[in-house]
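No lab work stands behind these numbers, since they all come straight from the coordinates. Computed from a predicted structure; not experimentally measured. Quick reminder, even Gly has a Cβ in these numbers, built from the backbone with ideal geometry, and neighbours come from all protein chains shown.
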Amino acid sequence: MTKLSVNINKIATLRNSRGGNTPNLLQVAKDIQQFGAQGITIHPRPDERHIRYQDARDLKPIVYTEYNIEGNPQHNFIELVLECKPTQVTLVPDAIGALTSNAGWDTIKHKDYLTEVIQEFNRNGIRTAIFVDADEKMVEGAKATGADRIELYTESFAHQYGLGNKAGIGPFVKAALKANELNIGINAGHDLSLDNIKFFKENIPNLLEVSIGHALISESLYLGLDNVVNMYLQKLK
Ligand SMILES: CC(=O)[C@@H](O)[C@H](O)COP(=O)(O)O
Ligand SMILES: NCC(=O)COP(=O)(O)O
């Protein structure tokens, strides 16, 4: 079974568009867990355009499933994660002002920095994951930092799959086999959807967790959050 962690960034985007508290992020997080999701993911960005740092703190007592905080480990982010002590921190190399995540880490070039940050989180009992492209060398580099898991950046797979090109899964299978060989866990995310998730899951050996936000919230506009969470759970069995 692969765990579903729902990324609630888009709920915060909607809330922030009017400045009030509708929709209520904390209530949505409670409901998503009640509907059966096994985790909640947030990705606070430095400009706090969707998830605010205070949201991360407020969610701490609400999230009783796996709490995953994603972001670039700048000083403020590290402080926040150490304060919130989530189940998992996922390190993502976001450029300031990027529209969304658009690349994995170069785990070879940044090995020393990543190792240092990961040691700090490990000392605090927080599981660590590194966001990487589907590249065996980057998986080896992630393992060398001491990270518990990789998160495969799935945008290229999703894009190719949408064009009808199933061969786009190829590099992801190779990266996953390398991760299995090295005994580093596998998460995945970015642009996964009801259309592509089953194929992805069936082809990736030992896929532990997926974090899904943009498509899942969009699909919920038509089908409802409860239905959509459960449709993903069926496909991830
Ligand atoms: C790492 C990743 O792929 C997601 O966290 C994604 O970047 C969501 O962030 P946005 O909601 O800001 O697009
Ligand atoms: N880590 C990926 C994530 O949290 C959600 O990405 P997306 O589904 O919003 O593209």
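Worth a mention:
- When the convex hull of its Cα atoms is viewed from all sides, the stretch 126-237 shows a mean projected area of 7.0 nm².
- Karplus-based coupling profile of the stretch 216-222, in residue order and whole Hz: 4, 5, 5, 4, 5, 4, 8, with θ = phi - 60° in 6.51 cos²θ - 1.76 cosθ + 1.60 and x standing for Gly or Pro.
- Amide N proximity, the stretch 115-136 versus Ile108 label position 7 Å along Cα-to-Cβ, cut-off under 15 Å: 133-136
- Tyr222-Lys137 FRET efficiency (beta carbon distance; Förster radius 45 Å; 0.05 resolution): 0.65
- Mean separation of Cα contacts under 8 Å (6+ apart) over length of the stretch 131-232, as relative contact order %: 26
- Over the chain, DSSP H runs of length four or greater, each weighted -39,500 (n - 2.57), average out per residue to a 222 nm ellipticity of -13000 deg cm²/dmol.
- Distance from the stretch 119-170 to the stretch 187-217 (C-alpha centre basis), Å: 12
- Estimated FRET transfer efficiency when R0 is 41 angstrom, pair Ala144-Phe199 (beta carbons, to 0.05): 0.85
- Label point distance in nm, Arg49-Asn230, each placed 7 Å from Cα along Cα→Cβ: 3.5
- Label-point separation in nm, Thr115 to Leu99, each point 7 Å along Cα→Cβ: 3.7
- Among Tyr153, Thr115, Asn180 - extreme Cα towards positive end, dipole of the stretch 99-185, charges at beta-carbon: Asn180
- Distance histogram in 10 Å bins (all Cα pairs of the chain, percent per bin): 8, 34, 39, 17, 2
- Straight-line reach from Lys237: taking Cα to Cα under 17 Å and skipping same-chain neighbours fewer than 8 places apart, the lysines in range are Lys3, Lys198, Lys201.
- Ranked Ser156, Ser5, criterion: other C-beta atoms within 10 Å, fewest first: Ser156, Ser5
- Karplus (6.51, -1.76, 1.60) ³J(HN,Hα), θ = phi - 60°, over the stretch 145-154, in Hz, Gly and Pro reported as x: 7, x, 5, 6, 9, 9, 10, 6, 7, 9
- Taking other residues whose beta carbon is less than 12 angstrom from the beta carbon of Gly189, and scoring Lys, Arg as +1 and Asp, Glu as -1, yields -3.
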